[in-house]
1. Output the qualifying pairs, or none if there are none: Cβ atoms under 9 angstrom, residues six or more apart or on different chains, first residue in region 166-179 and within 14 Å of Leu192 (Cβ to Cβ), second residue part of a loop (DSSP other than H, G, I, E, B) and open to solvent by 70 Å² or more (accessible area, probe 1.4 Å).
2. How many of the residues in region 78-99 are open to solvent by less than 100 Å² (accessible area, probe 1.4 Å) and either among the acidic types (Asp, Glu) or in contact with a helix residue (DSSP H, G or I) (Cβ under 6 Å, 6 or more places away or on another chain) (or both)?
3. What is the residue count in region 43-60 for residues that are closer than 17 Å to Gly101 by Cα and either free of Cβ contacts under 8 Å to residues at least 24 places away in the same chain or open to solvent by 20 Å² or more (accessible area, probe 1.4 Å) (or both)?
4. Within region 61-72, which residues are open to solvent by 10 Å² or more (accessible area, probe 1.4 Å) and either over 15 Å from the mean Cα position of the chain (by Cα) or among the β-branched types (Val, Ile, Thr) (or both)?
5. Would it be correct to say that Leu105 is in contact with a strand residue (DSSP E or B) (Cβ under 9 Å, 6 or more places away or on another chain) and within 15 Å of Leu43 (Cα to Cα)?
6. Taking the stated definitions as given, is Asp128 touching a Lys or Arg at 6+ places or on another chain (Cβ under 6 Å), modelled with pLDDT under 85 and of a type in the set (D, E, K, R)?
7. In region 74-97, how many are among the small types (Gly, Ala, Ser) and either touching a residue at least 24 places away in the same chain (Cβ under 8 Å) or under 16 Å from Gln55 (Cα atoms) (or both)?
8. Across region 122-144, what is the number of residues that are surrounded by fewer than 17 Cβ atoms within 10 Å (Cβ to Cβ), in contact with a strand residue (DSSP E or B) (Cβ under 7 Å, 6 or more places away or on another chain) and assigned to a loop (DSSP other than H, G, I, E, B)?
Amino acid sequence: MSLLILSVTGLKAQQNSHQTQEVMIGILKDSNKTAIYGATLKLMKASDTAKVKYQISDSLGHFSFTGITPDTYILDIQSQNFVRLQKYLSIDNEQDTLNIGTLLLADHYNDMDVVSVTAVRPVTMNGDTTEFNADAYKVKPDATAGDLLNKMSGIEVDKDGNVQSDGQAVPKVYVNGKPFFGDNPAMAIKNLPADAIKKFRFMTRRPIRVNSRVLMMEKGFALSILLPDVNLRAYSASLP
């Protein structure tokens with residue numbers, strides 16, 4: 001009996017250690033040791049690069065990823081006017097925090113052959129707002145807004161069209177800044193075609209409107225879906 005109890009206890013300890021949530025932190029700087037602001041960082045498991053976490057470096061060049069489990073990862077860093085950097089990193093069960101220190105990004109020096117590259121930044125952050133660019137994510141031709149949202153780091157959509165951001169419910173959904181489908185915003189998530197969407201904008205403070213004017217910002221998650229050059233009435237008429 002004692003051996004059985006020890007075996008079960010050891011098994012639980014191994015399971016708990018495997019599920020430990022880790023933190024990865026670091027700093028980005030250029031060759032002059034100046035902080036790099038606004039760089040896009042992607043963290044993905046080496047064994048499954050389809051699942052990606054995104055972060056943007058802050059004004060001091062700092063970045064952090066939370067809620068990661070022990071594994072081998074690829075850290076991909078891109079910033080305008082700097083050479084792209086990729087690093088392989090490993091996190092084990094003994095680490096609560098992995099501080100990878102200061103990473104230096106090399107400048108682009110070749111001005112003789114200038115190549116214009118238009119890249120879509122997947123995520124931008126501005127205060128209380130996080131914005132996802134739809135063009136940065138690949139989905140099937142018949143995908144819906146919900147399918148597209150499920151590709152984005154920290155966002156989950158269930159089969160009923162309910163949205164969560166970092167584990168918190170998003171009760172309000174706006175389309176082009178206006179409430180859509182009244183008390184059933186999940187209809188927009190389940191039925192709007194992904195190829196019609198330009199951006200998703202998550203706000204931790206949602207607008208309170210009176211007579212089409214924003215009077216104040218109320219605390220609480222809200223999602224705004226931006227559809228360029230579309231007739232919302234046409235979508236409304238075609239949806240169940």
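The values are calculated or read from the model by the stated rules, or taken from the named source; none is laboratory data. Predicted model, so just to flag it, every value in this text is computed and none were measured. Methodologically, a virtual Cβ is constructed for each residue, glycine included, from the backbone with ideal geometry; neighbour enumeration extends over all protein chains shown. Ligands, DNA and RNA are stripped out before the accessible areas are found, and what is left, the full protein with its side chains, is counted by its heavy atoms. Shrake-Rupley method; radii C 1.70, N 1.55, O 1.52, S 1.80 Å.
1. Close Cβ pairs (under 9 Å, with a partner that is part of a loop (DSSP other than H, G, I, E, B) and open to solvent by 70 Å² or more (accessible area, probe 1.4 Å)) amount to Lys178/Ser212.
2. Summing the residues that are open to solvent by less than 100 Å² (accessible area, probe 1.4 Å) and either among the acidic types (Asp, Glu) or in contact with a helix residue (DSSP H, G or I) (Cβ under 6 Å, 6 or more places away or on another chain) (or both) in region 78-99 gives 2.
3. 5
4. His62, Thr66, Thr69, Pro70, Asp71, Thr72 - these are the residues of region 61-72 that are open to solvent by 10 Å² or more (accessible area, probe 1.4 Å) and either over 15 Å from the mean Cα position of the chain (by Cα) or among the β-branched types (Val, Ile, Thr) (or both).
5. Numbers: in contact with a strand residue (DSSP E or B) (Cβ under 9 Å, 6 or more places away or on another chain): yes; within 15 Å of Leu43 (Cα to Cα): no.
For Leu105, the condition - in contact with a strand residue (DSSP E or B) (Cβ under 9 Å, 6 or more places away or on another chain) and within 15 Å of Leu43 (Cα to Cα) - is not met.
6. On the way: touching a Lys or Arg at 6+ places or on another chain (Cβ under 6 Å): yes; modelled with pLDDT under 85: yes; of a type in the set (D, E, K, R): yes.
Answer is yes for this residue.
7. Just the residues of region 74-97 that are among the small types (Gly, Ala, Ser), to begin with: 79, 90.
Adding the requirement that they be either touching a residue at least 24 places away in the same chain (Cβ under 8 Å) or under 16 Å from Gln55 (Cα atoms) (or both) leaves 79.
Adding up the residues that qualify gives 1.
8. Going through region 122-144 one residue at a time, the tally reaches 1.
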